[in-house]
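Novice: Quick one: the structure is below, questions incoming.
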Amino acid sequence: MKKSVFFTTSPGATRKLGSEMAKEKKKEGRSASGAVVLGLRGDLGGGKTTFLQGFAKGLGVKEKILSPTFVIFKKFKIKKSGFKEFFHFDCYRIDSPKEILSLGFEKIISDPKNIVAIEWPERIEKILPQNAIEINFIFLKKNKRKITLRGAF
Ligand code: ADP
Ligand code: MG
């Protein structure tokens, strides 16, 4: 299991890190055993959504990623890749894993053509796949974040 630590000093640098990671994932291609799943942990304002804006761009998603405030998840097309769809979940408002299971979560994470990013995965810890890549965001200063990656990447 690899672990990497990054410091960014602007939202743009965090987006760039996300974009680079996405390109890496695209290059690796899909596995036989389910979706690529990322769990993004850390405080509000830590940069999770900012990271995913770059990540989605790196995947070739055309739409802009926003915080899905009134919905639990959004789905985007991935162009020109073995991967087909990018899912952005925000579990901040979820009280029980049941809420997300009723949205077809298990089917989504079992499809190797999907890439699934989950903000606040701690809310659904029990049903997170074991191979989920963990990304931690720590707020250090107004513009400075410590970002730690851990898992299969
Ligand atoms: P989260 O999704 O973790 O709640 P957001 O990405 O929505 O966080 O918000 C992060 C906020 O912090 C944004 O307003 C962004 O512009 C700002 N910011 C400042 N510096 C950074 C940085 N180095 N990385 C990411 N975001 C930063
Ligand atoms: Mg967010």
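Residue-wise test of (1) aromatic (Phe, Trp, Tyr); (2) open to solvent by 70 Å² or more (accessible area, probe 1.4 Å); (3) touching a residue at least 60 places away in the same chain (Cβ under 8 Å).
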{"site": "9", "(1), (2), (3)": "no, yes, yes"}
{"site": "13", "(1), (2), (3)": "no, no, no"}
{"site": "21", "(1), (2), (3)": "no, no, yes"}
{"site": "33", "(1), (2), (3)": "no, yes, yes"}
{"site": "41", "(1), (2), (3)": "no, no, yes"}
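Novice: Could you please find all residues in the range 20-44 being among the aliphatic types (A, V, I, L, M), modelled with pLDDT of 95 or more and outside any strand (DSSP E or B)?
Specialist: Result: 21, 22, 35.
Novice: Could you please find all residues in the range 78-100 being farther than 18 Å from residue 24 by Cα, away from ligand 1 (no atom under 16 Å from the Cβ) and surrounded by 13 or more Cβ atoms within 10 Å (Cβ to Cβ)?
Specialist: 97, 99, 100 - these are the residues of the range 78-100 that are farther than 18 Å from residue 24 by Cα, away from ligand 1 (no atom under 16 Å from the Cβ) and surrounded by 13 or more Cβ atoms within 10 Å (Cβ to Cβ).
Novice: Pull up the range 49-72, narrow it to residues that are open to solvent by less than 10 Å² (accessible area, probe 1.4 Å) and within 11 Å of ligand 1 (Cβ to nearest atom), then point me to the one that is farthest from residue 8 (Cα to Cα).
Specialist: Applying the filter and picking the extreme gives 68.
Novice: Follow-up. May I ask you to say which residue of 143, 136 is within 15 Å of residue 50 (Cβ to Cβ) and within 16 Å of ligand 2 (Cβ to nearest atom)?
Specialist: Sole residue among the options that is within 15 Å of residue 50 (Cβ to Cβ) and within 16 Å of ligand 2 (Cβ to nearest atom): 136.
Novice: Next question, about the same structure. Tell me which of these residue 149 doesn't satisfy, since it passes every other one: (1) in contact (Cβ under 8 Å) with a residue 24 or more places away in the chain; (2) away from ligand 2 (no atom under 16 Å from the Cβ); (3) open to solvent by less than 80 Å² (accessible area, probe 1.4 Å); (4) more than 19 Å from residue 6 (Cα to Cα).
Specialist: Evaluating residue 149 over (1) in contact (Cβ under 8 Å) with a residue 24 or more places away in the chain; (2) away from ligand 2 (no atom under 16 Å from the Cβ); (3) open to solvent by less than 80 Å² (accessible area, probe 1.4 Å); (4) more than 19 Å from residue 6 (Cα to Cα) leaves (4) as the failure.
Novice: Listed residues 26, 62, 3, 48; which is basic (Lys, Arg) and farther than 21 Å from residue 130 by Cα?
Specialist: 62
The values are calculated or read from the model by the stated rules, or taken from the named source; none is laboratory data. What you see is a predicted model; the values in this text were computed from it and never measured. Cβ atoms come from the backbone with ideal geometry, glycine included; neighbour counts cover every protein chain shown. Surface accessibility is based on the protein's heavy atoms, side chains included, excluding ligands, DNA and RNA. Shrake-Rupley method; radii C 1.70, N 1.55, O 1.52, S 1.80 Å.
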